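Following: one structure in structure tokens, then a few remarks.
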Protein chains: 2
Amino acid sequence: MADTVTNPLAELYSERARRFGERGMSNPRDSAALISFFAGFPDPGSLPRNDVAEATRVALERDGEWALQYGASSGDPELVRELLAKLKRDQGIQAGAENVIITNGASQALALIVDMLVNPGDVVLSEAPTWMGAVRAFDAAGAETREIPVNEGGLDIDTLEQELNTLSETGRRAKFLYLIPNFQNPTGFTTTLERRKKIVQLAQTHNLPIIEDDAYFDLRYAGDTLPTLYTLDDSGLVMYMGTFSKIMAAGMRLGWTIANPAVIRQMTGLKSEGGTSPFASHVAAEFASSGTLTEHVHELRTLYHSRRDTMLKALEASMPAGTTWTTPEGGFFIWVTLPDGVSVRELAPASKDKGVEICPGFIFYFHGKGDNQIRLSYSFADEPNIQKGIKILGDLVKEQLTT
Amino acid sequence: MADTVTNPLAELYSERARRFGERGMSNPRDSAALISFFAGFPDPGSLPRNDVAEATRVALERDGEWALQYGASSGDPELVRELLAKLKRDQGIQAGAENVIITNGASQALALIVDMLVNPGDVVLSEAPTWMGAVRAFDAAGAETREIPVNEGGLDIDTLEQELNTLSETGRRAKFLYLIPNFQNPTGFTTTLERRKKIVQLAQTHNLPIIEDDAYFDLRYAGDTLPTLYTLDDSGLVMYMGTFSKIMAAGMRLGWTIANPAVIRQMTGLKSEGGTSPFASHVAAEFASSGTLTEHVHELRTLYHSRRDTMLKALEASMPAGTTWTTPEGGFFIWVTLPDGVSVRELAPASKDKGVEICPGFIFYFHGKGDNQIRLSYSFADEPNIQKGIKILGDLVKEQLTT
């Protein structure tokens, strides 16, 4: 069938379809020819192809019958067991299989939670700026999102408290608060322990569910590990989300959520495509149980730590006065605020013309801010390219300042 | 967090969550200790663990950088290419990459189509009995499903026509017709060519989208291959769904839909968890391009053909007069109608007590029929167990007849 055929189904689309809208093929390989600071893609060279091949061989030899069969709808028991062991060891989280759902990446985890809680028109609270996937998810759900700013110490508590009080006064309830306490995407800020405690306290007072997105927990290069909101709460309000995408392989599409058992059962009910790949799950479980995951995380920390430092130095060397940026303690991202008079709407296309891909700030907000901001990812490009790319970017910013 | 904590989120659940309901861990391994005729699980021994390990090794060596990276949202280009080649060769379908979406099993394909078209209260048309996954999906969407019976020649055309006319007269429109033209699940019936043509004609007259579910196309043991409704239609109304679950490995969770490009873009927009596993997709693409898939399908045809015959013979030998069953030309299922006075509500638990698992007929209907029917799958149990299990079942039916 040719692309020219009109679509006789369009007039029959559901309200959900109209809210979600169309999407094209969007292929990450399009970034490969550029110096790309665009996305949170893992370093291509670090992807453990030999170790994954070996884990596959072992997993299929030992348990191929079940790795290649239909699986449990809330997640493969092997992977659940390995995840629980990892969370206990690294995050200090005590949980059982009844607290876990394995999802197709963390993005599906968020989609399921939104499906679980949001009717069109409902109020949700979110850090802003925040991960563009969350912006898209809340908008597609028809949520009325109230933005809570993020600053040096993380989520702004005063605004949160004020927003919760305003809601109470007007007889409304927020369906959840979404935040990324560690090395926030896109700002790189980490929410302090004091604020974490206060957030949990406010959540308990207002019976406010919390989505704690901790995709980058394992990739800390400085400072001390802080307790998760999940461990600070004892009321079952926190849903703690993570992923194997950044520490094993994004292409396996393995994310997870830890939450109270009823929430897990409800998310499983909404997960209408059945269990997440038992094949990928068995491979990931073997990758974890063999100790390869721990080694790999160590290597990644060294790799990304060095890339972060290289990018910070390059910014220092190349950016004109009036440009500011954050110094993340972990994760993949630096958040840059451009000098007055420079707009990312001109900078981004000009930069792409010169072979450097950046992420415009406005896609991280719900209500049209961020024209003077950009997110730079230091995960995908290697260090020579980071230096080269930031130099090109600095020159373009200077150029825009003088015109 | 203990299971005893009450769930503070329950009062905040969305309408969608309330419609979908909770789901537990449901693990297919629970069936492994029984003689199971319950589910459409591939034969465990046939799952190609060595070939998948080898395909993984080759795929990661050649293209590991992309197999382990984030992928294109509508599907991995390698797998799309192999699927298109297979569909052209076997189904005679001419399509391009713009016509394809790769999904997490065929179940996600159906979920996305339902999301795309159905608002609560909408009318949909479906064969009945039909796949329990479809029953669940349409019910969860809040659809008003009108049942179209299936008989020897497939979907009952007269009822379809009548239903469409009734809808027209009352000023209503159906959002789609769902059918499984080949070796229908659960009945095993195949829709004749004449009826296929008539269905397409009716669809075009009424602008009725068609979901053509062809999960078992490759597993035909008798009779001639018939053209798909997708190839019989030239108006863009047919969405043609399939899966690698039955012919490669269910555990890879790789399904697909072929449809007009606008529908593909809309389904991609609704696929909020991002691209289906590039890892599994690369492995599957290598499995297909190496020729292993074709060989494997040949072996499976021989295996399941023989199991079908064994089960048919065992039914002949063990079932009392008054029991009838279908003779499928392919697929995994035989549909049994029990003699008067025998209820599956007693037979199923009694049978499980004796170690034999069967699928009660009522789960395949939308409006409470099927108490005197069962679906038997001959895919999972081996031939000695098929003979043993059917003998046990026959004895139980006889027992129930005399009490």
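Just so it is clear, none of the values below were taken in a lab; they were calculated from the coordinates. As the structure is a prediction and not an experimental result, all values here were calculated from the model. Note that we place each Cβ from the backbone using ideal geometry, even for glycine, and neighbour counts take in every protein chain shown.
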- Compute the label-point distances linking residue A:198 to its equivalents in the other copies; points lie 7 Å from Cα along Cα→Cβ; give nm, one decimal, shortest first. 7.3
- Query: What whole-number value in cubic angstrom gives the convex hull volume per residue for the C-alpha atoms of chain A?
  - Reply: 168
- Query: Relative contact order for chain A using alpha-carbon pairs under 8 Å, separation at least 6, rounded to a whole percent?
  - Reply: 24
- List the distances, in nm to one decimal, from the label point of residue B:234 to the label points of the same position in every other copy, shortest first, placing each label point 7 Å from Cα along the Cα-to-Cβ direction. 7.2
- Query: If you put +1 on each Lys and Arg Cβ and -1 on each Asp and Glu Cβ, how big is the dipole of the stretch A:49-290 around its Cα centre, in Debye rounded to 20?
  - Reply: 180
- Item | chain B - mean residue ellipticity at 222 nm from DSSP helices (-39,500 (n - 2.57) per run, n ≥ 4, rounded to 500) | -13000 deg cm²/dmol
- Task: Distance check, please: which entries in B:88/B:198; A:352/A:398; A:354/B:271; A:271/A:369 exceed 22 angstrom between their Cα atoms?
- Result: B:88/B:198; A:354/B:271; A:271/A:369
- Item | For the protein assembly as shown, convex hull volume per residue from C-alpha positions, Å³ | 162
- Item | Positive-end residue, the stretch B:49-290 charge dipole about Cα centroid, Cβ charges, pick of B:140, B:284, B:69 | B:69
- Query: Between chain A and chain B, with a rotation axis joining them, whose C-beta in A is nearest that axis, and what is the whole-Å distance?
  - Reply: A:56, 2
- Rounded to the nearest 5, the percent of antiparallel DSSP beta bridges in the protein assembly as shown equals 55
- Message: Placing the label point 7 Å from Cα along the Cα-to-Cβ direction, what are the distances from residue B:355 to the equivalent spots in the other copies, shortest first, in nm to one decimal?
- Response: 7.0
- Task: Report the one residue of A:390, A:263, A:174 whose Cα lies farthest in the direction of the positive end of the charge dipole of chain A (charges on C-beta: Lys and Arg +1, Asp and Glu -1; origin at the Cα centre).
- Result: A:390
- Query: Looking at the stretch B:291-390, which trypsin sites (Lys or Arg not before Pro) are DSSP coil and have at most 16 other C-beta atoms within 10 Å of their C-beta?
  - Reply: B:354, B:369
- Query: Among the DSSP beta bridges whose two residues both lie in chain B, what percent are antiparallel, rounded to the nearest 5?
  - Reply: 55
- Charge sum, other residues only, whose C-beta stays under 10 Å from residue A:37's C-beta, Lys/Arg counted +1 and Asp/Glu -1: 0
- Message: Quick check for me: using +1 on Lys/Arg Cβ and -1 on Asp/Glu Cβ, what's the dipole size of the stretch B:1-110 about its Cα centre, in debye to the nearest 20?
- Response: 280
